[in-house]
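Here's the structure we're looking at; comments come further down.
The values are calculated or read from the model by the stated rules, or taken from the named source; none is laboratory data. Owing to the predicted nature of the structure, the values given are computational and were not obtained by experimental measurement. Counting neighbours? That spans all protein chains shown, and the Cβs are built from the backbone with ideal geometry, glycine included. Side chains are part of the model used for accessible areas, which takes the heavy atoms of the whole protein and leaves out ligands, DNA and RNA. Shrake-Rupley method; radii C 1.70, N 1.55, O 1.52, S 1.80 Å.
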Amino acid sequence: MNEKKYQEDDEHGNSCQINGSDSSLRFPFAAPEPYLTQKISDDIYWLRIPLPFKLDHINVYLIAEQNGWCLIDTGMGTNYSKRYWQQLFDSALQGKPITRIVITHNHPDHVGLANWLQQKFHCPVIMSKREFEIMAYLFSISGSTPPDYYLDYLLRAGMSTEHADKVRQQRDNGYDKAVDGLPKDCQFVDHGDSITLGKYQFNIIIGSGHSPAHVSLYCPQLNILFSGDQVLPDIPSMVTLYPKNPKFKDHRKQNPLGRWLKALHGLKALPGDTLVLPSHNKPFIGLHARVDEIIANHCALLNQLLAALQQGKTVSQSIMPIYKRKVRDQVYVMFISELLAHIQFLEQLALVEREQGAEVDIFSTISAPDMCQQIDDYLNR
């Protein structure tokens, strides 16, 4: 695949969290063959769109409607993906149109072809308003020099001036290369809303952390959850802290990890035998076990950070003790943002303190209790 990548690595599976799924998970469906669908139920079908990453696919789903298909997510906005979809129109879609598109969140592998497909089929796009606003913002800064507050964020994390200059010279965030335009006719949904797709009623669940207002959809009648990236069976979704939006210049006021943990914990209100249809890898049964495993992985990372920060460090100085390897430029920025999200969570629990120097922030451990109990207390406040 020769398409230009959105970034050198995708947002999954690069963190120091442990990959691998709980052995209690069950995977009732084989993966669909290229250009073909896998039947999930009488009205729901699973297919895969290739991605130019180490994680080489995204799952998208079709829900049968009276005159066509509702599509959940789209794949990246690349010429390869468009050619792939051209083949799907007559095979997987059986010549029927797409009548609606539901987008889980703003990342290019999910929303990349929403505008292109909308223009072809003249159908509405359904997503959260916040995710659309983030899309618009990312488009607005594509091709421009990174804003000063973003470079300050990197420098205060301990990035060298030389490295920050390279980031400035790169200019383009690549978003407009991987997302084929902003969709025009959007219908916005919020947490607690209910929407009919095909013959079924779905409850909208908004979670944040991996993205600001990620949409998952749960159907009580079918006991099915379209989880997007909120819950994946055997890889972690990165939780990061980027100062991407000027409305939130003081990124220390955000708490992506805290919101992520609470959103995950909230999914345990659904039945334990829910069939989870994720955006990557295979559908599975075992929601509660997987949520517990993901939370435990974050506990492990937080415990590692508390140990690493016993002697004060910048975020950048924490990368090698935690990740145990040198990283390339784009991944370096991603790891800074992931560690900062976790360090900030520790700050809010008063377990780490920040010393604001003239140029960099130094973080030091104040107390190092076991984080599993700390998170359990946090989730049950």
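Values as computed for the structure displayed
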| read-out | value |
| --- | --- |
| Residues (over 15 Å from residue 181 (Cβ atoms) and buried (at least 16 other Cβ atoms within 10 Å of the Cβ)) located in segment 138-152 | 141, 146, 150, 151 |
| Answer residue from segment 118-128, given it is part of a loop (DSSP other than H, G, I, E, B) and either free of Cβ contacts under 8 Å to residues at least 24 places away in the same chain or out of contact with any Cys (no Cβ under 8 Å at 6 or more places or on another chain) (or both) and is most open to solvent (accessible area, probe 1.4 Å) among those | 122 |
| Which numbered condition residue 168 fails, given (1) within 25 Å of residue 267 (Cα to Cα); (2) of a type in the set (Lys, Arg); (3) over 21 Å from the mean Cα position of the chain (by Cα) | (1) |
| Odd one out for residue 59 among (1) modelled with pLDDT of 95 or more; (2) farther than 30 Å from residue 300 by Cβ | (2) |
| Failed condition for residue 91, given (1) without any contact (Cβ under 8 Å) to a residue 60 or more places away in the chain; (2) among the small types (Gly, Ala, Ser); (3) in contact with a Gly (Cβ under 8 Å, 6 or more places away or on another chain) | (3) |
| Qualifying positions in segment 329-376 - assigned to a helix (DSSP H, G or I), aliphatic (A, V, I, L, M) and surrounded by 19 or more Cβ atoms within 10 Å (Cβ to Cβ) | 333, 334, 336, 339, 340, 341, 343, 346, 371, 375 |
| Single residue of segment 291-303 satisfying the filter (buried (at least 17 other Cβ atoms within 10 Å of the Cβ) and in contact with a helix residue (DSSP H, G or I) (Cβ under 8 Å, 6 or more places away or on another chain)) that is nearest to residue 380 (Cα to Cα) | 295 |
| Residue within segment 88-110 that is among the aliphatic types (A, V, I, L, M), in a strand (DSSP E or B), surrounded by fewer than 24 Cβ atoms within 10 Å (Cβ to Cβ) and over 15 Å from the mean Cα position of the chain (by Cα) present | yes |
| Extreme residue, farthest from residue 73 (Cα to Cα), among residues of segment 14-39 that are open to solvent by less than 70 Å² (accessible area, probe 1.4 Å) and modelled with pLDDT of 95 or more | 25 |
| Residue in segment 281-290 that is more than 20 Å from the chain's Cα centre (by Cα) and crowded, with 20+ Cβ neighbours inside 10 Å present | yes |
| Lone unmet requirement of (1) open to solvent by less than 10 Å² (accessible area, probe 1.4 Å); (2) closer than 22 Å to residue 212 by Cα for residue 379 | (1) |
| One residue from 264, 222 being surrounded by 20 or more Cβ atoms within 10 Å (Cβ to Cβ) and in contact (Cβ under 8 Å) with a residue 12 or more places away in the chain | 264 |
| Tally, over segment 305-328, of residues that are over 12 Å from residue 159 (Cα atoms) and either within 23 Å of the chain's Cα centre (by Cα) or open to solvent by less than 50 Å² (accessible area, probe 1.4 Å) (or both) | 11 |
| Qualifying residue in segment 167-181 (condition: more than 17 Å from residue 77 (Cα to Cα) and open to solvent by less than 40 Å² (accessible area, probe 1.4 Å)) | yes |
| Among residues of segment 40-69, those that are without any contact (Cβ under 8 Å) to a residue 40 or more places away in the chain, buried (at least 20 other Cβ atoms within 10 Å of the Cβ) and of a type in the set (S, T, N, Q), counted | 0 |
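Let's see how each residue does on (1) open to solvent by 40 Å² or more (accessible area, probe 1.4 Å); (2) free of Cβ contacts under 8 Å to residues at least 60 places away in the same chain; (3) assigned to a loop (DSSP other than H, G, I, E, B):
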| residue | (1), (2), (3) |
| --- | --- |
| 71 | no, yes, no |
| 116 | yes, no, no |
| 130 | yes, no, no |
| 134 | no, no, no |
